[in-house]
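The values are calculated or read from the model by the stated rules, or taken from the named source; none is laboratory data. Quick caveat, the model's predicted, so the values are computed rather than measured. Using ideal geometry, Cβ is built from the backbone for each residue, glycine included, and neighbour counts are taken over all protein chains shown. The protein model used for the area step is the full one, side chains on, heavy atoms only, and it has no ligands, DNA or RNA in it. Shrake-Rupley method; radii C 1.70, N 1.55, O 1.52, S 1.80 Å.
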Amino acid sequence: MKKVFVINGGQVFTHSKGQFNATLVELDIETLRDKHNLEVRVTDINEEYDLQTEVDNFVWADLIIYHVPVWWFGLPHGLKEYLDKVLTHGHRNGLYYSDGRKNESPNLNYGRGGSLLGRKYMITSSWNAPKTAFTLKGEFFNQTSVDEGVLFGLHRMNSFLSLETVEGMHFYDIEKNGTEEKIALYKQQYKDHLDRVVESI
């Protein structure tokens, strides 16, 4: 049985209640566990967590899913704190052994000391920005994609652990124009996406 570890980064803070990301977690359970009979574990960064348990979850999983609402063009501070603490705890403890370099060649092989080879990860992100902010010339993100821009560091972090990427999904214009119709469409698209992801793990 394939195993999936879901990290809900939908931090509850001021006006943000994390509802959309909680909905994605529900769809993970409905689609991956109930429909495809995969084993699923979930961590919600709003709840207390044990560092060793979280490291064990990374090591246990065949696929790690990160649900990331983008705040001020980066990770919510609760999710960043979670990753800082858990990954540090995982040093020579299942997640990575070193930064990959050897004393005899200190300029080579940085980022190749991860311990999670053979496992995969997927990222979803949710935005207030519309998709056109990333795709149209002259718009805010200068035609730089989410994965090559704001989430580049998160992708490199996973590569540092020797994880292989699975195509994720990005959900745009949630805050200002998150109509019932749009959310319903996103939910169906995400379920369809998960069906395809199951075939790749």
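Key figures
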quantity: Simple label model, 7 Å out from Cα along Cβ direction - residue 14 to residue 88, nm; calculated: 2.6 nm
quantity: Count of Lys pairs (Cα-Cα under 29 Å; at least 8 positions apart or interchain) in the stretch 39-169; calculated: 7
quantity: Alpha carbon convex hull of the stretch 1-111, volume per residue in cubic angstrom; calculated: 124 Å³
quantity: Length added when fully stretched, residue 175-residue 51, from 0.36 nm per residue minus Cα-Cα; calculated: 41.4 nm
quantity: Candidates 48, 81, 30: whichever shows maximal mean-square fluctuation once the chain is modelled as a Gaussian network with Cα springs under 10 Å; calculated: 48
quantity: Chain lengthening between residue 77 and residue 37 when straightened (0.36 nm per residue, less Cα-Cα); calculated: 11.1 nm
quantity: Acute angle (nearest 10 degrees) that the helix 19-28 long axis makes with the longest principal axis of the chain, alpha-carbon atoms; calculated: 70 degrees
quantity: MRE, 222 nm, helices only [DSSP H, n ≥ 4, -39500 (n - 2.57), over the chain, to nearest 500]; calculated: -10000 deg cm²/dmol
quantity: Karplus (6.51, -1.76, 1.60) ³J(HN,Hα), θ = phi - 60°, over the stretch 123-130, in Hz, Gly and Pro reported as x; calculated: 10, 10, 9, 10, 9, 7, 5, x
quantity: Extension gain (nm, one decimal) between residue 108 and residue 22, 0.36 nm per residue minus Cα-Cα; calculated: 26.8 nm
quantity: The chain: most fluctuating residue of 88, 31, 179 per GNM, C-alpha cutoff 10 Å; calculated: 179
quantity: Highest average packing first - 108-115, 2-9, Cβ atoms within 10 Å; calculated: 2-9, 108-115
quantity: The stretch 35-162: antiparallel DSSP beta bridges as a percent of all, rounded to 5; calculated: 25 percent
quantity: Cβ crowding within 10 Å averaged over residues, with 158-165, 35-42 ranked highest first; calculated: 158-165, 35-42
quantity: Surface share of carbon and sulfur [accessible, 1.4 angstrom probe, percent] for the stretch 42-201; calculated: 49 percent
